[in-house]
Amino acid sequence: MADSQEKLKKDKDAVKLDDFIVLGRYSLLICLLSEFMILNQVGNMLYMAYSGAAPKLTGCGDTVFPENITAKAACVEFTRLENDTGCKPTLEPQFKSVNYEWEYICSGTTVVKQSISVQMIGVIIGALLFGQLSDMFGRKWTLFSTLLFSQVFMIISSFTPNLLWFTVCRFFVNIFNGGSITINMVNVNENLPKKDRLWINNIVTWAPNMIILAGVAYLTQNWRVLTVVSAIIATPGLIFNILISESPRYLIQKGKIQEAKQVIERMCKIDGRPFDKELLDHVLDKETKAALESKSKSKNYTFFHLFYTLDFALYTIAIGFSFLVVSIMNYSILFNMEKLSGSIYVNAVLIAAFRYALNLIMAPCEMKFAWLGRKVIHTGSLTLIAFAAFSMLVLTLLGLQVQLPIIISVASVGIVAVCSQLFIVNAVVSNELFPTAVRNLAYASSQFCARIGVVLAPLIFLLAGFWEPLPYIAMVAIVTTDLLFFHSVIPETKGKPMADRMPGPENRLFKGKNSKPDVELKDLEASKKLTEDVEESH
């Protein structure tokens with residue numbers, strides 16, 4: 001470490017803030033905080049996969065339905081018996097969900113799926129609201145507040161007497177959950193060394209926490225208990241949040257140089273490593289000048305700049321639509337796991353394990369094989385998903401879904417696992433295609449489309465009420481459209497330099513009389529930071 005410090009002294013201008021952020025005990029605090037934040041995020045995003053699971057209708061009163069009866073046929077028979085005799089339904093739940101407790105069965109499940117969609121609107125609001133608040137007030141305490149208040153509303157929701165109040169409480173839970181997802185990603189990005197972010201985010205990620213959630217759901221067996229336990233086990237996140245400091249990058253951006261210096265000194269002390277105060281002062285002075293220069297030379301860009309040229313417009317639409325499709329495919333299955341054969345707990349573990357393994361395999365393969373570009377992964381993943389959805393469609397059309405439920409389950413598990421690759425590729429392509437000036441805008445736009453997909457996802461299987469194969473027809477249609485459109489308009493970006501210049505006015509899609517010269521972005525620090533964000537996407 002002493003040799004490293006001596007080397008840094010020799011060339012002060014080469015030293016950057018990143019050189020003071022190294023892997024150590026402070027990084028471990030950040031990772032532990034991130035783990036408990038993600039545990040809470042997964043517990044809330046996938047909560048309704050268990051708490052909104054429809055129980056199996058096995059009879060009415062003394063009448064027991066045949067074991068192999070379809071859900072639709074069981075509902076028809078139940079309605080007839082209820083009208084004739086006034087009998088009460090006999091239900092067999094895998095998990096004591098709100099459907100089971102308040103008897104939302106058959107057509108009543110539609111109301112629960114609509115409730116999920118309303119709850120997920122909160123995620124969109126939270127992402128937008130807390131993204132702004134974290135830029136105004138910092139990462140540390142806004143992140144703390146999102147976890148604390150999500151826990152408060154989680155516990156309140158466990159006492160709700162009906163679906164209406166339950167939906168209201170879960171809506172507020174997801175406002176804070178959406179904020180947590182947004183801020184935690186930024187906080188991790190700003191506090192971990194660049195070279196270590198990728199492998200850390202492949203370990204501290206959603207998939208392992210999906211397995212933990214499945215275990216907690218299996219042990220609790222009740223939606224009220226599950227939400228309370230989920231809130232309690234995330235509590236260490238509050239402690240780790242108190243132990244960390246505000247992001248030094250945020251403090252520099254806000255001109256709080258002395259506070260940034262104190263934070264970096266504290267990081268070094270926690271790690272037990274020496275640091276050169278004079279060198280740190282030099283770096284902070286340089287970072288401050290860069291921030292001031294950036295503000296003086298920056299140009300305000302809006303959402304409309306994503307449609308500045310025809311290429312930009314096509315990129316924006318293609319990537320946004322792809323995020324929408326992937327979210328619909330991913331969450332429509334997760335929110336309807338009770339329709340799959342076998343245990344919802346085992347299916348959740350299989351999905352998470354397959355997803356985690358795929359992520360760990362694809363990361364080194366993408367680096368090793370030059371031909372394995374973004375479009376190859378995107379096209380290959382969508383082809384597999386289309387094939388799986390088409391297989392389910394054929395089985396449903398032939399009426400074999402009851403006789404061959406294992407195929408439906410395997411196809412569904414495969415779809416959700418492969419979707420993780422599409423989330424990553426779409427995020428990377430978005431960051432690599434757009435110039436620095438609008439890169440954050442482009443990614444924010446695509447994430448908004450992804451959140452819309454989460455809202456629509458619970459409604460996909462409601463199409464079966466009109467015709468049983470209709471959900472799978474919709475899946476095949478949107479996946480095929482995404483595959484063809486994305487492949488036709490998106491160029492390969494692997495190995496290509498990231499753009500720092502906006503196109504000139506001669507390339508504008510809508511040319512005005514007072515077209516200004518093209519703008520070259522000179523905020524090198526912003527460029528560097530946004531380039532690093534590529535590694536953090538999903």
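The values are calculated or read from the model by the stated rules, or taken from the named source; none is laboratory data. Keep in mind that what you see is a predicted model, and the values were worked out from it rather than measured. Here Cβ is always computed from backbone atoms with ideal geometry, including for glycine, and neighbour counts include all displayed protein chains.
Condition check for Ser115 on (1) over 25 Å from Ile232 (Cα atoms); (2) surrounded by 16 or more Cβ atoms within 10 Å (Cβ to Cβ): one failure, at (1). Of the residues making up the range 186-205, those that are closer than 24 Å to Phe335 by Cα and either in contact with a Ser or Thr (Cβ under 8 Å, 6 or more places away or on another chain) or assigned by TED's automatic domain parsing to the domain that holds Leu360 (or both) number 1.
Any idea which of (1) touching a residue at least 24 places away in the same chain (Cβ under 8 Å); (2) within 25 Å of Gln119 (Cβ to Cβ); (3) not polar (S, T, N, Q) is the one Leu470 doesn't satisfy? If we test Leu470 against (1) touching a residue at least 24 places away in the same chain (Cβ under 8 Å); (2) within 25 Å of Gln119 (Cβ to Cβ); (3) not polar (S, T, N, Q), just (1) comes out false.
Total residues in the range 100-129 satisfying the condition of being without any contact (Cβ under 8 Å) to a residue 60 or more places away in the chain, in a helix (DSSP H, G or I) and within 21 Å of Lys72 (Cα to Cα): the figure is 5.
The residue of the range 56-73 that is nearest to Lys96 (Cα to Cα), among those that are of a type in the set (A, V, I, L, M, F, W, C) and not in a strand (DSSP E or B), is Ala71.
Residues of the range 153-167 that are free of Cβ contacts under 8 Å to residues at least 40 places away in the same chain and within 23 Å of the chain's Cα centre (by Cα): Phe153 alone. Please go through the range 40-54 and pick out each residue that is in a helix (DSSP H, G or I) and touching a Leu at 6+ places or on another chain (Cβ under 8 Å). Correct list: Asn40, Val42, Gly43, Tyr47, Ala49, Tyr50, Ser51. Apart from one condition, Met154 fits all of (1) buried (at least 24 other Cβ atoms within 10 Å of the Cβ); (2) more than 28 Å from Phe448 (Cβ to Cβ); (3) in contact with a Lys or Arg (Cβ under 9 Å, 6 or more places away or on another chain); the exception is (2). So for the range 179-201 (the condition being at pLDDT below 85, under 20 Å from the mean Cα position of the chain (by Cα), surrounded by fewer than 23 Cβ atoms within 10 Å (Cβ to Cβ) and aromatic (Phe, Trp, Tyr)), does at least one residue qualify? The answer is yes, given that some residue of the range 179-201 is at pLDDT below 85, under 20 Å from the mean Cα position of the chain (by Cα), surrounded by fewer than 23 Cβ atoms within 10 Å (Cβ to Cβ) and aromatic (Phe, Trp, Tyr). In the range 389-396, is there at least one residue being under 23 Å from Ile317 (Cα atoms) and either part of a helix (DSSP H, G or I) or at pLDDT below 90 (or both)? Scanning the range 389-396, I find no residue that is under 23 Å from Ile317 (Cα atoms) and either part of a helix (DSSP H, G or I) or at pLDDT below 90 (or both), so the answer is no. Residues that are buried (at least 23 other Cβ atoms within 10 Å of the Cβ), among the small types (Gly, Ala, Ser), more than 16 Å from the chain's Cα centre (by Cα) and at pLDDT 90 or above: does the range 347-355 have at least one? Checked against the condition, which is being buried (at least 23 other Cβ atoms within 10 Å of the Cβ), among the small types (Gly, Ala, Ser), more than 16 Å from the chain's Cα centre (by Cα) and at pLDDT 90 or above, the range 347-355 yields at least one hit.
The rows are residues; the columns are (1) buried (at least 23 other Cβ atoms within 10 Å of the Cβ); (2) under 14 Å from the mean Cα position of the chain (by Cα); (3) under 21 Å from Pro469 (Cβ atoms); (4) of a type in the set (S, T, N, Q).
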residue: Phe369; (1), (2), (3), (4): no, no, no, no
residue: Gly373; (1), (2), (3), (4): no, no, no, no
residue: Ala386; (1), (2), (3), (4): no, no, yes, no
residue: Thr396; (1), (2), (3), (4): no, no, yes, yes
residue: Leu422; (1), (2), (3), (4): yes, yes, no, no
residue: Phe448; (1), (2), (3), (4): no, yes, no, no
residue: Val455; (1), (2), (3), (4): no, yes, no, no
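A count restricted to the range 189-231 and to residues that are in a loop (DSSP other than H, G, I, E, B) and under 24 Å from Leu29 (Cα atoms) stands at 4.
Do you know which of the residues in the range 220-232 that are touching a helix residue (DSSP H, G or I) at 6+ places or on another chain (Cβ under 7 Å) and in contact (Cβ under 8 Å) with a residue 24 or more places away in the chain is surrounded by the most Cβ atoms within 10 Å (Cβ to Cβ)? Among those that are touching a helix residue (DSSP H, G or I) at 6+ places or on another chain (Cβ under 7 Å) and in contact (Cβ under 8 Å) with a residue 24 or more places away in the chain, it is Thr227. Here the condition is being out of contact with any strand residue (DSSP E or B) (no Cβ under 8 Å at 6 or more places or on another chain) and more than 30 Å from Ser245 (Cα to Cα); of Val64, Val112, it holds for Val112 alone.
Anything in the range 1-49 that is under 22 Å from Val216 (Cα atoms), modelled with pLDDT under 95 and aromatic (Phe, Trp, Tyr)? List them, or say none. None - no residue of the range 1-49 is under 22 Å from Val216 (Cα atoms), modelled with pLDDT under 95 and aromatic (Phe, Trp, Tyr), so the list stays empty. Number of residues in the range 286-319 that are among the acidic types (Asp, Glu) and either touching a strand residue (DSSP E or B) at 6+ places or on another chain (Cβ under 9 Å) or modelled with pLDDT of 80 or more (or both) equals 1.
Among the criteria (1) closer than 19 Å to Leu33 by Cα; (2) at pLDDT 90 or above, the one Val204 does not fulfil is (2). Determine whether the range 459-467 contains at least one residue that is modelled with pLDDT under 90, of a type in the set (A, V, I, L, M) and part of a loop (DSSP other than H, G, I, E, B). No, the conditions are met nowhere in the range 459-467.
Okay, residues lined up against (1) closer than 30 Å to Leu17 by Cβ; (2) not aromatic (Phe, Trp, Tyr):
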| residue | (1), (2) |
| --- | --- |
| Ile155 | no, yes |
| Trp165 | no, no |
| Asn174 | no, yes |
| Ile183 | yes, yes |
| Pro193 | yes, yes |
| Asn202 | yes, yes |
| Pro208 | no, yes |
| Ala217 | no, yes |
| Val225 | no, yes |
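This table checks each residue for (1) in a helix (DSSP H, G or I); (2) within 21 Å of the chain's Cα centre (by Cα).
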| position | (1), (2) |
| --- | --- |
| Thr316 | yes, yes |
| Ser332 | yes, yes |
| Gly342 | no, no |
| Ile407 | yes, no |
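Being within 23 Å of Gly465 (Cα to Cα) and over 20 Å from the mean Cα position of the chain (by Cα) is true of Val98. Cβ-Cβ distances below 7 Å connect the following pairs, each with a first residue in the range 342-361 that is under 20 Å from Ile408 (Cβ atoms), a second residue that is surrounded by fewer than 20 Cβ atoms within 10 Å (Cβ to Cβ) and of a type in the set (S, T, N, Q), and a separation of six or more residues or different chains: Gly342/Ser409; Asn347/Ser409.
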